[in-house]
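Working notes for the structure below.
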Amino acid sequence: MVPTLDQTMRRVFALPREAGTPAAAAARAAVAEHLAALGYRIEYQPFSFHPSSLHGFPVFGAGLGGLALLLLPLLTSAGAPPWAAALLLAGGVAALAAVAVGIGLGWLPLGGEPREDANLVATRGEGPVPRWIVAHLDTKAQVQSMAGRLVAVWVIGLALAALLGLALARLGGPVPLGAAGSGAALAVLAGALAGRGRLRGTTTGARDNGTGVAAALAAAEGLRGVTAGIVITGAEEFGLVGARVFVREGAGRLEDAVVVNLDTIDQEGELALVCHDARGAGLARAEAPRLTAAGLAARIRRLPLGILTDSLPFARAGVPAITIGRLTWRTLRTIHSPRDTADGLSLEAAERVGRALGAN
């Protein structure tokens, strides 16, 4: 007997699904049971990851604040070479970026034991899958919400621009202490905001990304008479790990395929088809009529600065890939926090998106 979508999502919403935990495994089992009842073949793609990957952004922010303090005497002192501040800034930012990327990708783990997680891969029909429907299952709760992270990213951008302007101004002579101090203070503030990205508590992640999982299951129900593929990724919140694993280990499955990722489809806001390149823009234009036919007007746009989605690793591998999402600033203030619960949340929009994608 096939469980209803509501029954399966109740099981998912009851669990804080941080990647690599028993709760995440239990939620994955519930989704697998639902897909198996629909006639999908189930397989798992296990992998390990380091939770410390979340420290990449805070490390960059803290390092930028420290770098700004080191720049102060080079910016204000007449005895320092005019080019010294620019050289230190360029080298320091490059080194910080390399370290942060290494931490974020798990190449430079900062202590602690790795965790085990897995992708759930479900297929039905014969032959290659022409279109993969993707949604991540895992959640995370941090000191700051997604809105807070975006603010931190923007402030870091402003701090970098300010420090660059000061370093260039120093080529013409010493910079006033007030101006240099203001730039350094902005960088220190940016570092403090970035540091709020550490884990704290748990969340059931109803919007991010229970809604995406619901949409993927709704699409899975509708995809009949065609070869269909569903990927429920793990550890998306720890650097898109599951998607990167699927790209690396399932490259043969992606030949001549496209990817539609479903991430945070809230009950309010404008539906967006997010693309990363020209291939993704073409896919967005091809998928838009499905949504329009279901009464879901959508806007095609690029990925905003400060947000990462599972479609990105596919796009970087040359696969046409988009993410479908729907959210507002209120949504951003809720997700990545314990407040992201199913209380008062309607799955109507997520189900409509899924049914539109599942229409043959």
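The values are calculated or read from the model by the stated rules, or taken from the named source; none is laboratory data. Note that the structure is a prediction, hence the values are computed from the model and not measured. Note that each Cβ is placed from the backbone with ideal geometry, even for glycine, and that neighbours are counted across all protein chains shown. Surface accessibility is based on the protein's heavy atoms, side chains included, excluding ligands, DNA and RNA. Shrake-Rupley method; radii C 1.70, N 1.55, O 1.52, S 1.80 Å.
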All alpha-carbon distances of the chain, grouped into 20 Å bins from 0, give the whole-percent distribution 29, 51, 17, 2
The alpha-carbon center of the range 171-226 and that of the range 283-331 are separated, in whole Å, by 18 Å
Here the gain from full extension of residue 200 to residue 126, 0.36 nm per residue of separation minus their alpha-carbon distance, amounts to 22.2 nm
With +1 at each Lys and Arg Cβ and -1 at each Asp and Glu Cβ, the charge dipole magnitude of the chain around its Cα centre, to the nearest 20 debye, comes out at 560 debye
Sequence order, the range 61-77: Karplus ³J(HN,Hα) from phi using 6.51 cos²θ - 1.76 cosθ + 1.60, θ = phi - 60°, Hz rounded, Gly and Pro as x, gives x, 5, x, 5, x, x, 4, 4, 5, 5, 6, 3, x, 6, 7, 9, 8
So the angle from the long Cα axis of helix 84-104 to the longest Cα principal axis of the chain, reported in degrees to the nearest 10, equals 20 degrees
In whole percent, the fraction of accessible protein surface over the range 212-301 that belongs to carbon or sulfur atoms, probe radius 1.4 Å, stands at 49 percent
Label model pair residue 177, residue 343: point-to-point distance (7 angstrom along the Cα→beta-carbon line) in nm is 5.2 nm
Rounded to whole angstrom, the alpha-carbon centroid of the range 339-357 lies from that of the range 123-139 at a distance of 19 Å
Over the range 123-269, with neighbouring protein chains present, the accessible area per residue in Å² at probe 1.4 Å is 33 Å²
The alpha-carbon center of the range 87-110 and that of the range 44-62 are separated, in whole Å, by 13 Å
Output row, site residue 101, 7 Å Cα→C-beta label point, backbone N cut-off 15 Å, window the range 22-62, residues 56-57, 60
Expressed as a percent, the accessible surface of the range 79-169 that is carbon or sulfur, using a 1.4 Å probe and the full set of protein chains, is 76 percent
Answer in debye to the nearest 20: the dipole magnitude of the range 316-360 about its Cα centre, from +1 Lys/Arg and -1 Asp/Glu charges placed on Cβ, is 200 debye
The simple spin-label model distance between residue 77 and residue 301, using points 7 Å out along Cα→Cβ, in nm, is 4.7 nm
Of the range 171-199, those with amide N under 18 Å from the point 7 Å along the Cα→Cβ vector of residue 70 are 181, 183-192
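For the chain, what relative contact order do you get, as a whole percent, if you take Cα pairs closer than 8 Å and at least 6 residues apart?
That works out to 24 percent.
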